[in-house]
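Following: one structure in structure tokens, then a few remarks.
Every number here is computed from the coordinates shown, using simple stated rules; none is lab data. Note that this is a predicted model, so its numbers are computed, not measured. Every residue, glycine among them, receives a Cβ derived from its backbone with ideal geometry; neighbour counts consider all protein chains shown.
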Amino acid sequence: MKKELKRNVSIVCITILVLSRFITTYLKIGLVFPFQSSLLEHLSAADFKSSSFMKFNIAFLIVLITTILYSSAQAQGVTDEELKKYVIAMDSLETLKVQLTTVINNISKGNSNISSNRFNELMPVINNEVKLTEAKATPDEIAYVKKAVATRDEETMKFQKAFQSLINDFVGEAVFTKVRNGIRTDTGLKKKYDSLMAIPR
């Protein structure tokens, strides 16, 4: 994988050098961006060639091309094994997210001592004794809501730990970032990712 990445970076560097020469030649004969065309009316040919105006065009295009090519090289460096690990991680995270949502939804439904509406009313003020008194909250209601908050926090912490473990220990933070960025910029990789995510598990 390292050899492939080095090869991609080398391709990017060589391409930039070739394109920079190409761009310089075209800029010398007057090729500019449309939004800069009005500026040329005030510049002579000599001024144009010697001014920082041409340097700006070169720098702008090189940065733009570098970004595009580097993103492409990064995406090309994603192996099938890395993509499969990323898919497994994302699928696992989605399952954990659904489980967390289910727990929170079930908690918010209340029980025989507290209705869903009453729960939602007391939840924001559960640590405010004055507000609880004003709301005439019963000991059973307060106990349920406090237990619900503790359960929510505990399950959320579990989710966060599982999330970090999947990224850092299973996939690897660098690989996770590389694949994620590759999916965002490379349509071919995105299609491959979507097809793998669609496979029933």
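For ASP91 and ASN120, the FRET efficiency from 1/(1 + (r/R0)^6), where r spans their Cβ atoms and R0 equals 41 Å, is about 0.80.
In order along the range 105-110, the phi-based Karplus estimate (6.51 cos²θ - 1.76 cosθ + 1.60, θ = phi - 60°) of 3J(HN,Hα) comes to 5, 5, 4, 5, 6, x Hz; Gly and Pro are listed as x.
Per 0.36 nm of contour for each residue apart, how much would the distance between ASN111 and ALA174 grow if the chain were fully extended, relative to their Cα-Cα spacing? Don't skip to the answer; put the middle values down first.
Working: separation 63, 0.36 × 63 = 22.68 nm, distance 4.55 nm.
Net length gain for the segment: 18.1 nm.
The length gained on full extension between GLN164 and THR79, counted as 0.36 nm times the residue separation minus their Cα-Cα distance, comes to 28.4 nm.
At a Förster distance of 41 Å, what's the computed FRET efficiency of THR187 paired with MET157, Cβ-Cβ distance as r, to 0.05? Display every interim value, and only then the final one.
On the way: r = 37 Å, r/R0 = 0.91.
Working from the Cβ atoms, E equals 0.65.
Placing pseudo-labels 7 Å out from each Cα toward the beta carbon at ILE104 and LYS131 gives an inter-label distance of 1.8 nm. With 31 Å as the limit, the listed pairs LYS136/LYS161; LYS97/LYS191; LYS85/LYS158; LYS85/LYS146 have LYS136/LYS161; LYS85/LYS146 beyond it between alpha carbons.
Taking the number of Cβ atoms within 10 Å of each Cβ as an exposure proxy, the fewest-first ranking of LYS191, LYS158 is LYS191, LYS158.
Can you give me the relative contact order of the range 80-197 as a percent, contacts being Cα pairs under 8 Å and 6 or more apart?
Working: 67 pairs, mean separation 43.7, N = 118.
Once divided by the residue count of the range 80-197, the mean separation gives 37 percent.
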